[in-house]
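Comments concern the structure below.
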Amino acid sequence: MLFRNCAGGVVFHNEKVFLLKNEKGEWVLPKGKIRNGFLATETAVKRVKEEAGLDAKIISTAGETSYEFYSLTRQKPVCNEIVWFIMETDNEDYRINEEEDFIDGGFFTIEEALEKITYSQDKSLVNLSYKKYLKLKNKNIALA
């Protein structure tokens with residue numbers, strides 16, 4: 001089995017989270033493989049920018065997920081292990097990168113996102129990240 005280390009972002013703008021729809025019709029979060037010499041944080045910020053056109057900053061860790069699939073091109077099973085970050089953007093303007101095989105995307109309320117997201121572990125990740133995001137936002141407001 002091929003193991004790949006990946007990183008991604010759960011990106012919030014106000015009360016909404018960003019999702020992408022891939023060529024398989026799956027609603028997912030922006031993520032990508034950590035390349036040699038790059039940190040997980042750098043990869044998450046870079047993939048959010050490349051896949052969604054969003055300038056987002058990391059405000060906290062979100063957790064880790066993993067999934068396995070069979071790669072037809074590699075002719076072997078692959079396990080993607082993903083470290084996730086809670087991210088925030090000041091701007092709701094996004095650009096879906098069709099060259100990365102995404103066909104749709106946008107910001108959705110948490111309720112809408114939980115309905116759309118394809119995989120249950122991503123639903124849990126978004127739900128927990130949103131709760132943590134709100135706590136962090138409230139702390140910052142209280143400190144200001």
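Side notes on the structure shown:
- For the chain, the fraction of C-alpha pairs farther apart than 22 angstrom is 36 percent.
- Measuring max minus min along each principal axis, the C-alpha atoms of the range 67-118 give extents of 41, 23, 21 Å (largest first).
- Sequence-separation-based contact order of the chain, relative, with Cα cut under 8 Å and 6+ spacing, percent: 31
- The packing ranking, built from the mean of other Cβ atoms within 10 Å per residue, places the peptides 61-70, 23-32, 113-122 in the order 23-32, 113-122, 61-70, highest first.
- Fully extending the segment from Gln75 to Glu26 would add 15.4 nm, taking 0.36 nm per residue of separation and subtracting the current Cα-Cα distance.
- Taking 0.36 nm per residue of sequence separation and removing the Cα-Cα distance, the Arg95/Thr109 pair yields an extension gain of 3.2 nm.
- Estimated [θ] at 222 nm from DSSP helical runs (n ≥ 4, -39500 (n - 2.57)) normalised by residues in the chain, nearest 500: -10000 deg cm²/dmol
- Set Lys31/Lys116; Lys21/Lys49; Lys76/Lys123; Lys57/Lys132 screened for pairs whose C-alpha atoms are more than 24 Å apart: Lys76/Lys123
The numbers here are math on the coordinates, done by the rules we state, and not lab data. Computed from a prediction, not measured in an experiment: that's the story for all the values here. Note: ideal-geometry Cβ built from the backbone for every residue, glycine included; neighbour counts use all protein chains shown.
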